[in-house]
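Nothing in this text is a laboratory measurement; each read-out follows from the coordinates by a stated rule. The model shown is predicted, which means the values in this text are computed figures rather than measured ones. Ideal geometry is used to build each Cβ from the backbone, glycine not excepted, and the neighbour counts take in all protein chains shown.
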Amino acid sequence: MSLWPRSLSLRLALLFALVSTLVLGSIGFYLYQSLYREIAWRDDQALQGRLERMHALLDDSASIAALRERPQLYGNMLGNRQSLLWILDTDGQALIEINPAGLAIPTLPPAEHLRFARLDGQTPARLAWVQVRQGERSVTLIAGKLLAERNQMLAAYRLKLGMALAAGALLAFALGGLISQRGLRPVRHLAARAARIDAQHLYLRLDDRYPVSELHALSQALNQMLARLEDGFAQLSRFSEDLAHEMRTPLSNLMGQTQQTLRHPRTRDEYESLLVSNLEEYERLARMIDSMLFLARTEQPKASLNAESLPLSELVEQLSEYFEGVAEDRGLQLINQATHEVCADRDLLRRALANLIANALRYADDSSPILISSHDRDAGIEIRVHNQGPAIAAEHLPRLFERFYRCDPARAESGDCGGLGLAIVRSIMQLHGGRADVSSDAQGTCFTLWLPRR
Amino acid sequence: MRILVVEDEPKTADYLNKGLSESGYTVALALNGFDGQHLIQEEEFDLIILDVMVPGLDGWQLLQIIRRTSQVPVLFLTARDAVDDRVKGLELGADDYLVKPFSFAELLARVRTLLRRAPARESSVFEVADLQLDLLRRRVSRNGDRISLTNKEFALLHLLMSREGEVLSRTYIASQVWQMNFDSDTNVVDVAIRRLRAKVDDPYPTKLIQTVRGMGYVLETPA
């Protein structure tokens, strides 16, 4: 395969040349064969005619002896040096012989009717012979033609054909090359345009009004890919910005508090509370890094999933026990109405549900119920976590699962996973081939997790 | 008890040294793999704390060298929380691992567990001061009064009493009592402790459950 050229137009030109060689070759072969047969047929006709004339001459002449005396009669008739003529008696003795090539008298099987044969050897020839009666004796008439001239002519014809074929193939190669160069020009144009698009110019798009339908489809597909890339890239850079911002807050707390404390001598208690406060900020940073790593890992396409069959009621029961105290503090009631079984990674699903329940506990109205239920939906199971509370404005809903997204930018609670809790929920669901959604109205907010049935 | 710490980061090495010494252990420090190998071959240790990324011989190589001759417990520290790393460490014969950043209380708890050669006191009755917990009868009493606890409160008290005198971090408590193996960023543990205190400590003059600021909780008779 390494002999196959890398250039597409060169490949096409070669294919053009190959195809035209095949076509021209077949036509040439056919023409050559027809010509060959035609010539052979004419030669045979001529030989036959000659034998017939010879026969008539013999009938007209009184005897062969008389004929022998007037050789120019048939000598003229033969007319060229390619022709052979024998008249043999029954003993095989030549009565008349015209033999410019000096061939030996051929031994031929007897023939009542006209017969043809090819004489191979140093000087190939075509022979026709017949036995005729002359008076009371029988003679054999043999007419022949040397094939040298004919072979020479055919060889010249073959050579011409071959040369025409070679010239045709070369021409096809050259023209094919030109045509594919021209035909592939839009591809080069597309490549040049695509080459101009880099990370700084992701907003550029390929011209998708190509008159060529194949390229139209290609440029459309590339444009869609670019749109997705631009989207992902924008999200990534926004994310890096957010990350830097989120880390800046705890770091500035740490630096400010520490510097302020170091300006004057303090009591032991003051130092201690500084250290504890610092520790809280450190823990916040550590949690954020943990969550970031967790997200990075679950968003890898090959992240591993330890899926098993899980009874939801048991899982929710466990979580209800976990959050029991926090809920009771605010008079909230966790109601477990989940009944289905799902196929999921136990730790991951527990983490997703824990994040949703923690979220519901944070925003629920005092002394209200938080309802956790499961339903059959779209060939899968839907888990709902519903809490009563102020409605979330519609413009926030689609972005709620983005990392670091907060409805109120000024309100950053130390407890809310640094804005990553819901992003973690979403990536856990994506890892399971499911999805996470949210709806909100005056009745409250409902988060739903949908898992496909396996 | 002698502990060898192989750690190249000076600040980490320093606080591990101080912290473990203050907790009553004798600490030897190696700042690179070759020193670590030398110390392992020359001296006897009860526990080795190994950072995976040290210059010279790395933690994995050192672990292999240790395991050729001894079964001393090895706790490895790693900044890369990759599953492969953990599996590799445990396969090479490490006994436990901690991912940086870790809380010091967590480290101490792991060290104690690894050094506790005999399994934990499997008694069914625990007693601290006038507080009693009977595991089999699921009964708790203080100063003779029956105290009724929910299941999880009972589990929490059992954990604190069975590790009397040890500071337990919130993460550790959450994982032991509720099997929550991730930081859930909620104050669930604090609330649970407060509710437990309300039943176990508040009515009595002596407070047994102590908060260690920034570290976690410990149950012990106050000095």
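Each 5 Å bin from 0 upward holds the following percent of the Cα-Cα pairs of chain B: 1, 6, 14, 17, 16, 13, 11, 9, 7, 4, 2, 0, 0.
Ranking A:101, A:85, A:164 by Cα position along the charge dipole of the stretch A:8-170, where only Lys, Arg, Asp and Glu carry charges on their C-beta atoms, puts A:164 farthest toward the positive end. Put simply, the Cα atoms of the stretch A:319-388 extend 37, 22, 17 Å along their principal axes, the longest span coming first. Taking every pair of distinct Cα atoms and averaging 1/r, then inverting, what Kirkwood hydrodynamic radius in Å comes out for the stretch A:8-170? Roughly 18.5 Å, rounded to one decimal. For chain A, the spread of Cα positions along the three principal axes, ordered from largest to smallest, is 158, 54, 40 Å.
With the convex hull drawn over the C-alpha atoms of the stretch A:198-240, the volume per residue is 51 Å³.
If you run the Gaussian network model on chain B, springs between alpha carbon atoms under 10 Å, then out of B:109, B:129, B:28 the most flexible one is B:129.
For a quick check: sort B:95, A:365 by the number of other beta carbons within 10 angstrom, fewest at the front.
Values: B:95 17, A:365 14.
Ascending number of Cβ neighbours within 10 Å: A:365, B:95.
Here r is the Cβ-Cβ distance between residue A:11 and residue B:43 and R0 is 51 Å; the resulting FRET efficiency, rounded to 0.05, is 0.10. With a Förster radius of 35 Å applied to the C-beta separation of residue A:366 and residue B:14, the computed FRET efficiency comes to 0.10. Once the Cβ-Cβ distance of residue A:38 and residue A:152 is raised to the sixth power relative to R0 = 22 Å, the FRET efficiency obtained is 0.85. Taking only alpha carbon atoms, the stretch B:125-219 gives an Rg to Rh ratio of 0.94, where Rh is the Kirkwood radius. Against the longest alpha carbon principal axis of chain A, how many degrees, from 0 to 90 and to the nearest 10, is the axis of helix A:148-183 turned? Tilt relative to chain A: about 20 degrees. The distance between label points at residue A:118 and residue A:231 comes to 7.6 nm (points 7 Å beyond Cα on the Cα→Cβ vector). Lys and Arg at +1, Asp and Glu at -1: add these up for the other residues within a Cβ distance under 15 Å of residue A:378 and post the number. Local net charge: +2. For chain B, modelled as a GNM whose springs connect Cα atoms under 10 angstrom apart, the maximal fluctuation among B:113, B:186, B:171 occurs at B:186. Sorting A:41, A:86 from the fewest to the most surrounding beta carbons within 10 angstrom yields A:41, A:86. Placing dummy labels 7 Å off each Cα toward the beta-carbon, the span from residue A:187 to residue A:214 is 0.7 nm. The Stokes-Einstein estimate for the stretch A:207-285, based on a Kirkwood radius over Cα pairs and taken at 37 °C with 0.692 mPa s viscosity, is a diffusion coefficient of 194 µm²/s.
Seen from all directions on average, the stretch A:249-383 presents a Cα convex hull projection of 11.8 nm². In vacuum, with every alpha carbon of the stretch A:305-452 counted as one equal point scatterer, what does the Debye formula give for log10 I(q)/I(0) at q = 0.10, 0.14, 0.15 Å⁻¹? Two decimals, please. Here the Debye-derived log intensity ratios amount to -0.31, -0.63, -0.73. When only alpha carbons of the stretch A:83-204 are considered, Rg and Dmax amount to 33.9, 113 Å. Evaluated at q = 0.15, 0.17, 0.22 Å⁻¹, the base-10 log of the normalised Debye intensity for the stretch B:2-115, with identical point scatterers placed on the Cα atoms, takes the values -0.56, -0.74, -1.35. What is the helix-to-structure angle for A:268-298, meaning the angle in degrees between its Cα long axis and the longest Cα principal axis of chain A, kept from 0 to 90 and rounded to the nearest 10? So the inclination is approximately 30 degrees. Within the P(r) computed for the stretch A:131-275, what percentage of the Cα pairs occupies the region above 21 Å? For the stretch A:131-275, the share of Cα pairs beyond 21 Å comes to 76 percent.
The angle between the Cα long axis of helix A:312-329 and the main principal axis of chain A comes to about 30°, on a 0 to 90 degree scale.
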